[in-house]
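Take a look at the structure set out below.
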Amino acid sequence: MKQQLSKFIHALLILSTGCIVSFSAVAAESTNTILGTKHDFTGLNKRAGVAAMTGVAFSDYGSSCVYCHIPPEQEGADPTPFGGIEGWNRFVPATEHSYDLYNSRTLENKVYTPSPISLLCLSCHDGTMGVDMTVFRPNGWRSSEDAAMHLRINGDNNMMNCAKCHNGRVAHNIAIKHIGTDLTNDHPISMRYAGLSDKDLDFNQPDGPYGFNNGVKLYDERVECASCHNVHNPDVEVLLRDRADRLCETCHIK
């Protein structure tokens, strides 16, 4: 723990003095890829020319995909016996049944637990679990060498959370990325899309079984976080699947 704390303070001093490590291979143009972006924990923020605190704040597993996807060498492995989210390489958040989801008297499809694909997003953004807490690690990873603090996307100012540095003073504020477990003021998720029939005149019918031609997706006929956001196309503002002024009109007629 002392070694971790020492490394953390050292990194904090680097941040506070404004000294950053530049990468010569920073992309000069948009590349429409997750690599080198905020969701790539092997090269976090390389596009901005900043070296993230690999090995201190989180573990670098040497593969950008394994923080969400099951490693290729373990294809077909089932994460659920280990407490993982079905089909994904993340643990089920401890608050799975404690989310306060959006509700209203006009919402016909009541949802009390998010679907697995939205739990995947929440497993980082609800702020309850380390961003590098994966079920499976790639072959060759040595847990005995793991000295990271496994920080969480959480706005609390303590040694467990990213906000110890990302407080708006030392580094950019993390608060907007910390969704928490109260989702009552967020767009509803995991409910069946109301526009699948022509009975609800307030919604457009999808262009196909998987969603709309502009990229907005349905997952098993449901609206999820990934319906509107695409982490694999980070060059679009806030990861939207279409321009912000057109996104809502994809589904909503009024």
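Observations
- When LEU122 is tested against (1) outside any loop (DSSP other than H, G, I, E, B); (2) surrounded by fewer than 21 Cβ atoms within 10 Å (Cβ to Cβ); (3) not acidic (Asp, Glu), only condition (2) is not met.
- So VAL170, is it in contact with a helix residue (DSSP H, G or I) (Cβ under 8 Å, 6 or more places away or on another chain), at pLDDT 95 or above and not charged (D, E, K, R): no
- Residue match in segment 139-149 (condition: among the hydrophobic types (A, V, I, L, M, F, W, C) and not in a loop (DSSP other than H, G, I, E, B)): no
- Residue within segment 30-39 that is closer than 18 Å to ASN161 by Cα, within 18 Å of the chain's Cα centre (by Cα), part of a strand (DSSP E or B) and modelled with pLDDT of 85 or more present: no
- The residue of segment 174-187 that is nearest to VAL111 (Cα to Cα), among those that are touching a helix residue (DSSP H, G or I) at 6+ places or on another chain (Cβ under 8 Å) and either of a type in the set (Phe, Trp, Tyr) or assigned to a loop (DSSP other than H, G, I, E, B) (or both), is HIS187.
Condition check ((1) β-branched (Val, Ile, Thr); (2) modelled with pLDDT under 85; (3) exposed (fewer than 13 other Cβ atoms within 10 Å of the Cβ); (4) over 16 Å from the mean Cα position of the chain (by Cα)) across all residues:
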residue: LYS46; (1), (2), (3), (4): no, yes, no, yes
residue: ALA52; (1), (2), (3), (4): no, yes, no, yes
residue: TYR61; (1), (2), (3), (4): no, no, no, yes
residue: HIS69; (1), (2), (3), (4): no, no, no, no
residue: PRO79; (1), (2), (3), (4): no, no, no, yes
residue: PHE82; (1), (2), (3), (4): no, no, yes, yes
residue: SER104; (1), (2), (3), (4): no, yes, yes, yes
residue: VAL111; (1), (2), (3), (4): yes, no, no, yes
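- Qualifying positions in segment 224-254 - within 17 Å of the chain's Cα centre (by Cα) and either at positive phi or part of a loop (DSSP other than H, G, I, E, B) (or both): GLU224, ASN230, VAL231, HIS232, ASN233, PRO234, ASP235, VAL236, VAL238, LEU239, ARG241
- Listed by first and then second residue, the pairs linking a residue in segment 46-57 that is touching a residue at least 12 places away in the same chain (Cβ under 8 Å) and within 14 Å of ALA171 (Cβ to Cβ) to a residue that is of a type in the set (Lys, Arg) and buried (at least 16 other Cβ atoms within 10 Å of the Cβ), with Cβ atoms under 6 Å apart and 6 or more places separating them unless they lie on different chains, are VAL56/LYS7.
- Number of residues in segment 188-223 that are in contact with a strand residue (DSSP E or B) (Cβ under 8 Å, 6 or more places away or on another chain) and either touching a residue at least 40 places away in the same chain (Cβ under 8 Å) or part of a loop (DSSP other than H, G, I, E, B) (or both): the value is 15.
- Flag if ALA163 is assigned to a helix (DSSP H, G or I) and either surrounded by fewer than 18 Cβ atoms within 10 Å (Cβ to Cβ) or touching a Gly at 6+ places or on another chain (Cβ under 9 Å) (or both): yes
- Extreme residue, farthest from the chain's Cα centre (by Cα), among residues of segment 84-93 that are part of a strand (DSSP E or B) and not charged (D, E, K, R): GLY84
- Residue within segment 105-116 that is farther than 25 Å from GLY55 by Cβ and part of a helix (DSSP H, G or I) present: yes
The values are calculated or read from the model by the stated rules, or taken from the named source; none is laboratory data. The shown structure was predicted, so the numbers you read here are calculated from the model rather than taken from an experiment. Because the Cβ atoms are built from the backbone with ideal geometry, glycine has one as well, and the counts that use them run over all protein chains shown.
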